[in-house]
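One structure is given below, encoded as structure tokens.
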Number of protein chains: 2
Amino acid sequence: MTESVLDYMTRLGRAAREASRVIGRAGTAQKNRALLAAANALDAARAELAAANEQDLTAGRANGLEPALLERLELTPARIDGMITGLRQVAALPDPVGAIRDMSFRPSGIQVGKMRVPLGVIGIIYESRPNVTIDAASLCLKSGNATILRGGSEAIHSNRAIAACIQRGLAEAGLPPAVVQVVETTDRAAVGALIAMPEHVDVIVPRGGRGLIERISRDARVPVIKHLDGICHVYVGEHADLAKAERIAFNAKTYRYGICGAMETLLVDQSVAQDFLPSMAARFREKGVELRGCERTRAIIDAVAATEDDWSTEYLAPILSVRVVDGLDQAIEHINRYGSHHTDSIVSEHLADTRRFVAEVDSASVMINTPTCFADGFEYGLGAEIGISTDKLHARGPVGLEGLTCEKYIVVGDGQLRGQATV
Amino acid sequence: MTESVLDYMTRLGRAAREASRVIGRAGTAQKNRALLAAANALDAARAELAAANEQDLTAGRANGLEPALLERLELTPARIDGMITGLRQVAALPDPVGAIRDMSFRPSGIQVGKMRVPLGVIGIIYESRPNVTIDAASLCLKSGNATILRGGSEAIHSNRAIAACIQRGLAEAGLPPAVVQVVETTDRAAVGALIAMPEHVDVIVPRGGRGLIERISRDARVPVIKHLDGICHVYVGEHADLAKAERIAFNAKTYRYGICGAMETLLVDQSVAQDFLPSMAARFREKGVELRGCERTRAIIDAVAATEDDWSTEYLAPILSVRVVDGLDQAIEHINRYGSHHTDSIVSEHLADTRRFVAEVDSASVMINTPTCFADGFEYGLGAEIGISTDKLHARGPVGLEGLTCEKYIVVGDGQLRGQATV
């Protein structure tokens with residue numbers, strides 16, 4: 001192209017801002033029509049999608065892409081089914097836009113409340129998975145936002161083919177094409193431009209590895225909704241039901257090693273360690289999970305010696321660090337110090353202990369008698385998620401449609417004036 | 001001091017993070033005790049406060065500080081009364097911390113809801129007014145946060161004297177001194193350090209002029225809750241009650257010229273301009289408000305010719321720009337384009353027009369038949385405000401106690417496991 005990347009991105013930004021006004025006031029039925037039409041378009045375009053994906057896979061193989069990345073890049077028929085189902089699920093979700101709450105009269109006679117509205121323009125930056133294109137576009141559209149999608153360059157043909165289906169959906173519903181725009185250039189400067197135009201973009205949601213997210217957070221001139229590590233803990237308390245604790249801890253680690261809600265450190269109260277650890281360790285060992293323990297742990301069970309680094313490592317693998325703690329205070333302190341404020345759980349039948357754990361553990365999700373792997377938008381009832389935020393401001397924890405909106409004040413009067421008796 | 005500014009600020013940050021755990025779990029009664037004891041300490045320290053303030057004023061005069069700044073710096077007896085009343089008002093507000101909502105069961109058997117919790121550590125950066133020290137400290141304390149306060153160097157003695165009273169309050173309530181810390185150095189590098197330690201500070205609230213806020217937003221490595229311009233509009237619609245419209249527009253401009261909710265641009269529907277403008281203009285002229293109009297305005301009333309810049313200027317002065325618009329669409333477009341997304345009002349008796357205005361104007365507060373100068377935490381029923389946010393994420397509009405907190409998920413189960421039938 002002859003225009004510079006900056007000019008190109010500015011053009012996308014302007015078009016997105018304009019389109020955001022249209023999608024922001026679109027009714028629920030019109031938005032659902034676009035989502036369902038896009039689902040049908042995907043279903044009708046399976047051959048094109050496969051061909052485009054094959055181009056990316058061929059290029060990826062030629063460029064020596066790692067097998068794990070190639071696997072993520074692949075648009076299998078099952079993944080296409082998943083995208084279609086996802087679109088239909090998002091269409092079926094309640095529309096958060098326009099909800100009004102807490103309208104109440106003030107002594108001055110004005111009535112004040114809040115209304116939920118779209119954020120405006122959302123920039124999504126993601127890596128290889130092309131199905132993120134559909135996830136992100138559908139959630140942003142349903143929540144009344146315009147989106148600019150910047151996928152990985154290795155998925156560019158797949159993303160274009162998917163975007164074409166979304167465009168068919170928008171057109172059928174009479175919505176402007178700029179409601180969902182896919183960045184067509186693979187130039188990395190496009191990302192730098194996207195995260196530095198607050199006049200056109202209201203928030204950036206990066207989805208990918210820690211490196212990507214740190215880089216974007218550092219350079220962004222726009223707010224970022226981000227997910228960093230998931231260093232999740234299960235604390236088996238003094239008053240835990242130990243059989244229940246064993247099932248919970250096992251599930252928290254082994255449900256899936258690679259998810260951010262997987263337990264990485266098991267904290268065991270010293271009063272139950274002797275009773276709890278041997279059987280727990282046997283079960284993990286049978287499953288092939290490597291245990292790394294503190295000194296007190298290693299006095300009870302066989303385990304590799306844990307180093308200081310282990311307490312702040314997200315393994316995403318069949319490895320678990322285990323620490324015996326003095327009691328609830330030390331458990332909370334450990335979690336707040338070494339954890340990533342993602343998801344942490346206490347196993348206990350003691351009401352006061354669970355209340356303190358919930359109040360004092362500074363994490364996006366705090367749990368009682370439940371494995372940390374439940375941290376998920378679907379499990380929480382959000383219907384879908386665009387990610388899990390480890391930030392405290394705006395959206396914390398799994399982010400669904402509500403996290404892509406904000407609330408503004410609405411004030412209704414009938415000629416009341418400030419600083420004067422009412423008219 | 002022999003330690004570097006960076007080391008000093010890091011020490012403050014660490015102490016604040018530790019203190020945030022204590023204040024975060026403090027009960028409502030203990031927090032109120034600290035607030036009321038601080039109020040009594042202020043009342044008992046009037047002589048010390050006056051002496052400290054006199055030091056600042058003398059230095060200010062010697063340094064040739066502008067009269068307006070000297071005025072803001074002054075701690076008159078009435079302002080000390082105001083601080084004492086403010087502390088007692090904040091003590092009387094409901095405590096937002098710990099509120100749990102929307103606990104509901106999911107098909108898996110887990111129960112999911114949200115709990116309101118403090119943000120953690122809040123850094124406040126402000127300019128000359130020493131009473132901000134009390135406003136900010138009291139709101140942060142009540143909402144369970146630790147605070148680091150960085151006031152203007154010209155108010156350092158006053159701020160120290162006020163901080164000493166807060167310390168007496170904290171001590172009487174048995175709370176650690178680091179719950180509220182005042183930066184003791186006037187070195188400007190302290191600000192740079194404060195806004196760049198995400199491990200110790202969760203959010204920055206700058207209060208001051210546009211220059212300060214832009215600088216901080218640009219350099220911060222921590223989220224910022226900020227207030228930029230207040231370019232507020234009143235749109236007199238086709239179906240306005242013109243007598244009501246005149247009262248509203250007059251109040252919106254003249255209640256106080258210097259507040260961010262003051263109207264800066266009056267938009268008048270072309271269908272009513274001929275009937276509305278002459279009497280409105282006469283009233284503004286009598287009050288000494290300079291009018292700057294578009295061409296269509298100047299065809300009806302005497303006014304200086306408005307330039308393109310006028311539409312995006314926050315006068316904070318007895319100056320008003322006036323534009324005749326074609327209708328509701330153009331009014332909304334003008335506001336979204338030239339406004340600052342702060343507060344905008346429609347005057348109309350037409351339901352559909354007011355509904356569209358409320359939905360489509362992209363501002364923190366949208367109003368119907370009410371002057372924009374009502375944009376204020378007290379008028380909205382928040383009890384107090386730490387500022388008015390023009391951001392969209394997290395807090396939008398007047399920010400009270402709730403804006404200094406966030407919500408985390410709480411999940412309660414009884415041994416349910418993910419991906420398996422419940423136990």
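Remarks
- On the stretch given as region A:380-419, residues that are more than 9 Å from chain B (Cβ to nearest Cβ) and of a type outside the set (Asp, Glu) total 14.
- Of all residues in region A:340-362, those satisfying the criterion of being within 19 Å of A:Ala245 (Cβ to Cβ) and of a type outside the set (A, V, I, L, M) are A:Thr343, A:Asp344, A:Ser345, A:Ser348, A:Glu349, A:His350, A:Asp353, A:Thr354, A:Arg355, A:Arg356, A:Phe357.
- Some residue of region A:333-349 being closer than 16 Å to A:Gly293 by Cα and surrounded by fewer than 24 Cβ atoms within 10 Å (Cβ to Cβ): yes
- Verdict on A:Ala16 being in contact (Cβ under 8 Å) with a residue 24 or more places away in the chain, more than 25 Å from the chain's Cα centre (by Cα) and in the same structural domain as A:Ala189 (by TED's automatic domain parsing): no
- Meets criteria (within 13 Å of chain A (Cβ to nearest Cβ) and not in a helix (DSSP H, G or I)) for B:Pro96: no
- Of the strands (runs of 3 or more DSSP E) that lie entirely inside region A:352-416, those containing 2 or more residues that are among the hydroxyl-bearing types (Ser, Thr, Tyr) span A:405-412.
- The number of residues in region A:262-280 being in a strand (DSSP E or B) and over 21 Å from the mean Cα position of the chain (by Cα) comes to 5.
- Scanning region A:129-146 for residues that are of a type in the set (S, T, N, Q) and either touching an Asp or Glu at 6+ places or on another chain (Cβ under 6 Å) or in a helix (DSSP H, G or I) (or both) returns A:Asn131, A:Thr133, A:Ser138.
- Residue check for A:Arg11: farther than 30 Å from B:Tyr380 by Cα, at pLDDT 95 or above and not hydrophobic (A, V, I, L, M, F, W, C): yes
- Region B:370-379, residues that are within 7 Å of chain A (Cβ to nearest Cβ) and crowded, with 23+ Cβ neighbours inside 10 Å: B:Thr370, B:Pro371, B:Cys373, B:Phe374
Conditions tested, residue by residue: (1) free of Cβ contacts under 8 Å to residues at least 24 places away in the same chain; (2) touching a helix residue (DSSP H, G or I) at 6+ places or on another chain (Cβ under 9 Å); (3) over 19 Å from A:Ala249 (Cβ atoms).
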residue	(1), (2), (3)
A:Glu349	no, yes, no
A:Phe357	no, yes, no
A:Glu360	no, yes, yes
A:Asn369	no, yes, no
A:Thr372	no, yes, no
A:Leu404	no, yes, yes
A:Leu417	yes, yes, yes
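- Among residues of region B:196-228, those that are within 20 Å of the chain's Cα centre (by Cα) and away from chain A (no Cβ under 14 Å), counted: 8
- Among the candidates B:Ser345, B:Ser340, residue that is in a strand (DSSP E or B) and of a type in the set (Ser, Thr, Tyr): B:Ser345
- Test result for B:Ala240, at pLDDT 95 or above and either within 11 Å of another protein chain (Cβ to nearest Cβ) or touching a Pro at 6+ places or on another chain (Cβ under 6 Å) (or both): yes
The values are calculated or read from the model by the stated rules, or taken from the named source; none is laboratory data. Given the structure is predicted, the values throughout are model-derived calculations rather than measurements. Note that we place each Cβ from the backbone using ideal geometry, even for glycine, and neighbour counts take in every protein chain shown.
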